[in-house]
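The values are calculated or read from the model by the stated rules, or taken from the named source; none is laboratory data. Just so it is clear, the model here is predicted, and its values are computed rather than measured. Positions of Cβ are generated from backbone atoms using ideal geometry, with glycine treated the same way; all protein chains shown enter the neighbour counts. Remember, those area values only see protein heavy atoms, side chains included, never the ligands or the DNA or RNA. Shrake-Rupley method; radii C 1.70, N 1.55, O 1.52, S 1.80 Å.
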There are 2 protein chains.
Amino acid sequence: MHVEPDLVLANRLADAAGEVIRPLFRTAVEATAKPDRSPVTRADRAAEDVMRRILASDRPRDGIIGEEFGQERPGASRIWVLDPIDGTRAFLAGRPLFGTLIALLVDGAPVLGVIDQPILKERWVGQTAAGGATLLNGRKVRVRACPGLSAARLATTSPWHFSGAGHAAFGRIARLAADTILGGDCFNYAMLASGHLDLVVEEGLKVHDWAALVPVVAGAGGIITDWRGRPLRLGAAGDVIAAGDRRVHAQALERM
Amino acid sequence: MHVEPDLVLANRLADAAGEVIRPLFRTAVEATAKPDRSPVTRADRAAEDVMRRILASDRPRDGIIGEEFGQERPGASRIWVLDPIDGTRAFLAGRPLFGTLIALLVDGAPVLGVIDQPILKERWVGQTAAGGATLLNGRKVRVRACPGLSAARLATTSPWHFSGAGHAAFGRIARLAADTILGGDCFNYAMLASGHLDLVVEEGLKVHDWAALVPVVAGAGGIITDWRGRPLRLGAAGDVIAAGDRRVHAQALERM
């Protein structure tokens, strides 16, 4: 299978999810709390369902890992990873900052990633292949240069999402960074890819949270690894550090 | 002076600020840190400047309190309160969730408030006068009912903005609420007015941060006071608690 068809398919998945999500945004959608207290709605489930139907029809042999409905064929070499609404809290709060995340893993490594914001109609598509670029609505985006941690604008969704040790490590970074903004979910990584943030640090993300971010950040010239500097692959602990500039990444890693 | 011309003027101020801000959004705008470490940019200054010019020409006897350029005629009975970009961190991070805040105080009480999001082109206008409604782009919005704190979706911009005692009080509320979202600045109050959030709690806001919120929340049927349940007036400490439903407000106040 060529890369082009996968890209086309990924765009179709994002289109389909957006059509399910848009009419439910800022309506009285009920939320239930999952075991980790994070909310889920019928928008999450319906958007994942529509993407799974397309994959079942068009890529019947590929594996699927989805946030809401689990795994299919997890031993496949090609696996689609779906998070229908990353940032369900933001969706429920009426903020157009959540995202539909779609990734393709090949032998455990993310090679294609989509961050789609269906209300703003902003879609970032990245590829990790050599020469792969990250496009926002078809236009190339690039990270920005940042000389070091003390000049870096840092983002994380919530300090409450860190473990005890993780919180301490994050605190060391936040004290050294120029400034920190909270909230944002996947949108922070999109903004890093587009050159508006320098550093994003999060702990304990699931594969459906991080898989799509890797090609988007890497394709824009950024660096995204776990907290030890290793590439993020299927099975990773999901402690994520993403930077637009390698100098920031190196200085932050030293202090984690 | 009739109310109608003030409303028209407030809309002109928001239009003018938006025209200054829009072209600078997601561009390489430099930020400098204020003494409280919060960032300021030339977008903040230029947007406040354009609003002050209009007021100087059209309301030469009214007072002005602005975030960036201080006070004029602070003893006047009518005072315009301006925050050109509430949420400069969000503005810098490429998030269309900051807002231009415009309020009119009469004898210290906010009677007219505007929350304008110039990228989404969403504008909430509220009035506290009897029969005053809150309009989002000209359409009435209303808070939603919520039976109590345990069912409430809570928002605050950052837990780091609380003092020690304030942080403890906020923690008590957050533990009891159904869920909490971080980030959002003034947009949280707009979403409360539109019925997508139930409770917003913040501490130590300045008058330019809270004045516009009062008419927007009140006009939509919500309640917004200080942490002791008193109305917010010029000189208030700026510890703000806003709820869509009085039951949530009462239960939260008890636990502050």
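Shape class of the range B:3-140 from the Cα gyration tensor (axes a ≥ b ≥ c, square roots of the eigenvalues): oblate, since a/c reaches 1.5 or more and a/b does not exceed b/c. Computed extension length for residue A:142-residue A:77: 20.4 nm, one decimal, from 0.36 nm per residue of separation with the Cα-Cα distance subtracted. DSSP finds beta bridges in chain A, and of those with both partners inside it, around 80 percent are antiparallel. Expressed in Å, the radius of gyration and Dmax of the Cα atoms of the range A:212-256 are 9.9, 27.
Averaged over its residues, the range B:3-140 has an accessible area of 41 Å² per residue, based on protein heavy atoms and a 1.4 Å probe. Note on the range A:178-226: percent of Cα-Cα distances in each 5 Å bin, starting at 0 and stopping at the bin with the largest distance, equals 5, 20, 36, 26, 12, 1.
When chain A is treated as a Gaussian network with alpha carbon springs shorter than 10 Å, the biggest mean-square fluctuation among A:71, A:117, A:127 belongs to A:71. Each of A:38, A:85, A:136 was placed along the dipole of chain A (beta-carbon charges, centred on the mean Cα), and the one lying farthest toward the positive end is A:136. A convex hull fitted around the alpha carbon atoms of the protein assembly as shown yields 132 Å³ per residue.
Value of Rg to Rh for chain A, rounded to two decimals, is 0.95; Kirkwood radius and Rg both from alpha-carbon coordinates. The trypsin sites (Lys or Arg not before Pro) of the range A:116-175 meeting both criteria, a DSSP state outside H, G, I, E and B (loop) and at most 15 other C-beta atoms within 10 angstrom of the site's C-beta, are A:121, A:142. Placing one identical point scatterer on every Cα of the range B:149-255 and ignoring solvent, what is log10 I(q)/I(0) from the Debye formula at q = 0.10, 0.19 Å⁻¹? Here log10 of I(q) over I(0) equals -0.22, -0.86. Summary for residue B:27: label point 7 Å along Cα→Cβ; distances to the equivalent points in the other copies, ascending, 3.9 nm. What is the Cα centroid distance between the range B:139-154 and the range B:1-54, reported in whole angstrom? First find each Cα centre; the distance between them is then 30 Å. Orientation-averaged projection of the range B:5-85 equals 5.7 nm² [convex hull of Cα atoms, one quarter of hull surface area]. Residues of the range A:75-105 buried by at least 20 Å² of accessible area upon assembly of all protein chains, compared with the chain on its own (1.4 Å probe): A:89, A:92, A:93, A:95, A:96, A:97.
Adding -39500 (n - 2.57) for every DSSP H run of four residues or longer, then dividing by how many residues chain B holds, sets the calculated 222 nm ellipticity at -9500 deg cm²/dmol.
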